[in-house]
Structures are given as structure tokens and as C-alpha cells.
1. Heavy-atom accessible area per residue, the chain, 1.4 Å probe: how many Å²?
2. At 222 nm, what helix-only mean residue ellipticity would the chain give, in deg cm²/dmol to the nearest 500, using -39500 (n - 2.57) for each DSSP H run of four or more?
3. Where a ≥ b ≥ c are the square roots of the eigenvalues of the C-alpha gyration tensor, would you call region 15-57 rounded, which needs a/c under 1.5, or, failing that, prolate if a/b is larger than b/c, or oblate?
4. Can you tell me the relative contact order of the chain? Whole percent, Cα pairs under 8 Å, sequence separation 6 or more.
5. Calculate one ³J(HN,Hα) per residue across region 80-92 by plugging θ = phi - 60° into the Karplus curve 6.51 cos²θ - 1.76 cosθ + 1.60, and present them in order as whole Hz with x for glycine and proline.
6. In nm, to one decimal, how far is the modelled label at residue 84 from the one at residue 106, with both set 7 Å along Cα→Cβ?
7. Hey, what do the phi angles of region 36-42 turn into as Karplus ³J(HN,Hα) couplings, whole Hz, using 6.51/-1.76/1.60 and θ = phi - 60°, x for Gly and Pro?
8. Using DSSP to define loop residues, name the GluC sites (Glu not before Pro) in region 1-104 whose beta-carbon has at most 14 other beta-carbon atoms within 10 Å.
Amino acid sequence: KTFQTMELKLYRIIMGPAMVLAFLLGLTLIWIDGTARLGWGFLEKPWMIVKLLGVVFLIGWHHFLGAARKRFVAGTNTRSARFWKMTNELPFLAAIVMVIAVTTEFGN
């Protein structure tokens, strides 16, 4: 019960607001680069598309885990421990791909 309470607080008090803040700051950077520095063409570059697809994946993953947390609390989880161990690395792999795409400006 204590672990479930801690998970809920982590999800709602830390992860949710951090995701919203990062999303808003990212949109701000896109707006600054689009209006003041690079023009809007950079949004069509392959490296930026990879980065934005990574962001979409991470947002979706965040919501998938929120739904999974609810299933764990309800006792209706149907996924194995092996599944959770394997998918634990997906956000990390997405971040690596995004960082490599941006730092090398892949396809530019």
C-alpha cells in the first residue's frame, strides 16, 4: 500500500509536472529558433523529425505507464516481469537516438 502511494505521488507530483514543463520549454525553444534564429525550415530536417517523434513516443510511454500503474493497483496486470524488465530500457534508447540525431544533425 505504501509503495502504491509513493508511485502515485511520483507520477502526479514529479513526473507529470516535469513532463509538462519540459514540453513547454521545448515549444518555447522551437518558437525562439523559428522566429529569431533559423526560420521554420529546421522543423523539416530529418534530425528534428527524429527528435519530435522521440518526444511523441516518450509522451505516449508516460501515459502507457500511468495506465499500467492503475492496472497494478487494481490487481489486473497481465504483463510479465520479463516484459517490464525489457521495456524498462525503451525511454533510454529513445533518448540516445534523439541525442545522436540532434548532435550530429543527422540528414542535414
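The values are calculated or read from the model by the stated rules, or taken from the named source; none is laboratory data. Computed from a predicted model, the values in this text were never measured in an experiment. We place every Cβ from the backbone using ideal geometry, glycine too, and count neighbours over all the protein chains shown. Each accessible area value is taken on the protein alone, full model and side chains, heavy atoms only, with ligands, DNA and RNA left out. Shrake-Rupley method; radii C 1.70, N 1.55, O 1.52, S 1.80 Å.
1. Value returned for the chain: 74 Å² of accessible area per residue.
2. -23000 deg cm²/dmol
3. Oblate, because a/c is 1.5 or more while a/b does not exceed b/c.
4. 38
5. Per-residue couplings from phi come out as 7, 4, 4, 4, 5, 5, 6, 7, 4, 8, 4, x, 5 Hz.
6. With each label point 7 Å from Cα toward Cβ, the separation is 3.0 nm.
7. Karplus values, whole Hz, x for Gly and Pro: 9, 10, 9, x, 7, x, 5.
8. 89
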